[in-house]
Amino acid sequence: MTAQDIPNMPARNPWLADSVYPVSHVNSAATDAVPFPGPTGGGKLSREQVTAVPVLFVSNPTIKKVGRDVVVLAPGTLGIQKIIATGDAFELVTSLPYPGLEARAQRVNNRAIATALNEVDAARRGGDDARLAAAPELLARLGLDFGTAVNGASNLIDKDGCHICVYGGTNVLKTSDDNVARGPMRVVRKVDVAEAVPSDVGRRVPRILGAAMTYDGFLALVAPGALLVLDRDLEVRSFVAFSDETVDNGLVVDEEGGIYVVTSRRMLKVVWNGRDLSTDERDGAWEAEYNTMSGEIALAMGAVSRGSGTTPTLMGFGDDPHKLVVIADADESGTNAVAFWRDEIPAGFAQKDGTKSRRIADQRRLDISKLTIEPSPEVLGYGVAFLNSAFPKPTKIPGLGNAFVSGVTRPAPLGIQKLVWSPEKLAFEPAWTNPDIDNTDWLVPSISAATGEMYVGHKEHGDYQVVGLDWATGAVKDRWELPDDSRAWNGYGGVATILDNADLMIGGVFALKRVHVGAATATRA
């Protein structure tokens, strides 16, 4: 794909670090797409081609530049790891435990992580379903449990190089290394948001699920029962509380102050004007219900979200004729891709059959899953891809409980489906379906517009791979086999981050990995 062929991308947020990955889901629109090249070629990887930094769990580290150095800040279960990734390096230089978790973090050293990994590897090699399904209990003894699993998942680096993340449910932590590449991190400020708002609102903020930076430099946070805006000193400036619904996903923002949140029953656009949050239609805010099932039914079927499982993703930028926000719904008869008009509904647009609102531009049944999709949709141009995340034979412990049995001793969730929005037909049209991709890890893919590939986690015969799917056809163009059968190569809950030299960085349990495949790409180019 030439530079002229690259679709419009989200405008860079000037309040975020200027890097390849300054915020969860790559950018403020959560498209998980970048304009620069990703890797190509494929092949069997040696141990030397995958550098691993031991961690109990880390989801999606953020990245900044300090002079010529590339600094990775990886907030995980019990603290933040700081890694130098300049050139081919991937070196842990320092770490900072979360305030209050210092003693727990000290107990989880490399030896403890290696011992747990050896236990899970032995169970894998023995095909022991019971021991694999018990892996969450093993990891919980080290500190990875329901309460800590989301620590650090929502994080960003601001334009001044300060890192902001969420841990302990409601704690927002701002740290700085004073932009010294190999310098220590220090706490700038910590705030318990639930205690910083009125008590009736604080009760609706049991944990923070998403963080974003507005285009005027404020921190937007979403919790099950509230949307909040803080300044960069972590002072609460405004909030909107929800009463008869809940939020189980992150949030995204646009350039004009729009903040998009999906609850268990409706899609919301709340408008931030620099001083207050507004839900008034006169200010451009709106709400629209979508098809859903009861949370109890969804959780019984193996979902981990009530209502939609996806963080909303924006579609349409710059001079694109239509601006949309996309989710997967939770329809009892099968999940749909749903697009909502972000701004004014086009004149003369008639509400479509089967939809709950004229605000819904279109909804189309996804063939790959009956249950709601959990990984966020991936968007490039007017194309959007969804991963089937429904485990056919789930374990008793949802989420991580399925990470090591599926695709090994139990069937895996299979399939990725891409749709394309047609501005002429005002509708989604099918593009392709790849029914064979193993989505056990719920690894969020990344798309390279320049290379025209989407990088996806996969397993063959139970062992880990990364594959590059042709964004136009869904066919596998490139395949990288991880070095051996170790469970260290999992990408559970992580992101396939494309580094600026076309290497890949992948989070997960046991280790944060840098996959050194970019040099081969550069050589071929």
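The values are calculated or read from the model by the stated rules, or taken from the named source; none is laboratory data. This one's a predicted model, so the numbers in the text were calculated from it and none came from an experiment. Positions of Cβ are generated from backbone atoms using ideal geometry, with glycine treated the same way; all protein chains shown enter the neighbour counts.
Just so you know, in segment 357-381 the residues that are among the charged types (D, E, K, R) and surrounded by fewer than 24 Cβ atoms within 10 Å (Cβ to Cβ) include one that is nearest to P392 (Cα to Cα), and it is K370. Exactly one residue out of G334, G274 is at pLDDT 90 or above, out of contact with any helix residue (DSSP H, G or I) (no Cβ under 6 Å at 6 or more places or on another chain), not basic (K, R) and not in a strand (DSSP E or B), and it is G274. No other residue among Y455, Y464 is closer than 30 Å to G401 by Cβ, under 18 Å from the mean Cα position of the chain (by Cα) and not in a loop (DSSP other than H, G, I, E, B) apart from Y455. Among the residues of segment 162-194, those identified as small (G, A, S) and crowded, with 19+ Cβ neighbours inside 10 Å are G168, A194. Which residues, counting only those in segment 131-154, are buried (at least 18 other Cβ atoms within 10 Å of the Cβ), in a helix (DSSP H, G or I) and free of Cβ contacts under 8 Å to residues at least 24 places away in the same chain? Of everything in segment 131-154, just one residue is buried (at least 18 other Cβ atoms within 10 Å of the Cβ), in a helix (DSSP H, G or I) and free of Cβ contacts under 8 Å to residues at least 24 places away in the same chain, namely R131. With respect to the stated conditions, R306 is modelled with pLDDT under 90, surrounded by 18 or more Cβ atoms within 10 Å (Cβ to Cβ) and on the phi < 0 side of the Ramachandran plot.
If you go through segment 415-445 and keep only what is crowded, with 22+ Cβ neighbours inside 10 Å, in contact with a Gly (Cβ under 7 Å, 6 or more places away or on another chain) and closer than 18 Å to P7 by Cα, you end up with just K418.
The single residue among G462, G457, G468, G493 that is at positive phi and crowded, with 22+ Cβ neighbours inside 10 Å turns out to be G493. Can you tell me which of A350, A412 is assigned to a loop (DSSP other than H, G, I, E, B), more than 30 Å from G508 (Cα to Cα) and either of a type in the set (G, A, S) or touching a residue at least 40 places away in the same chain (Cβ under 8 Å) (or both)? Of A350, A412, the one residue that is assigned to a loop (DSSP other than H, G, I, E, B), more than 30 Å from G508 (Cα to Cα) and either of a type in the set (G, A, S) or touching a residue at least 40 places away in the same chain (Cβ under 8 Å) (or both) is A350.
The condition of being crowded, with 18+ Cβ neighbours inside 10 Å and in contact with a Ser or Thr (Cβ under 6 Å, 6 or more places away or on another chain) holds for I63. Scanning segment 80-130 for residues that are of a type in the set (K, R) and either assigned to a strand (DSSP E or B) or in contact with a Leu (Cβ under 9 Å, 6 or more places away or on another chain) (or both) returns K82, R104, R107, R124. Of all residues in segment 75-98, those that are within 21 Å of L156 (Cβ to Cβ) have Cβ atoms under 7 Å from Cβ atoms of residues that are among the aromatic types (F, W, Y) and modelled with pLDDT of 95 or more, 6 or more apart or on another chain, in G76/F57; T77/F57; L78/Y98; G79/Y98; I83/F90; Y98/Y167.
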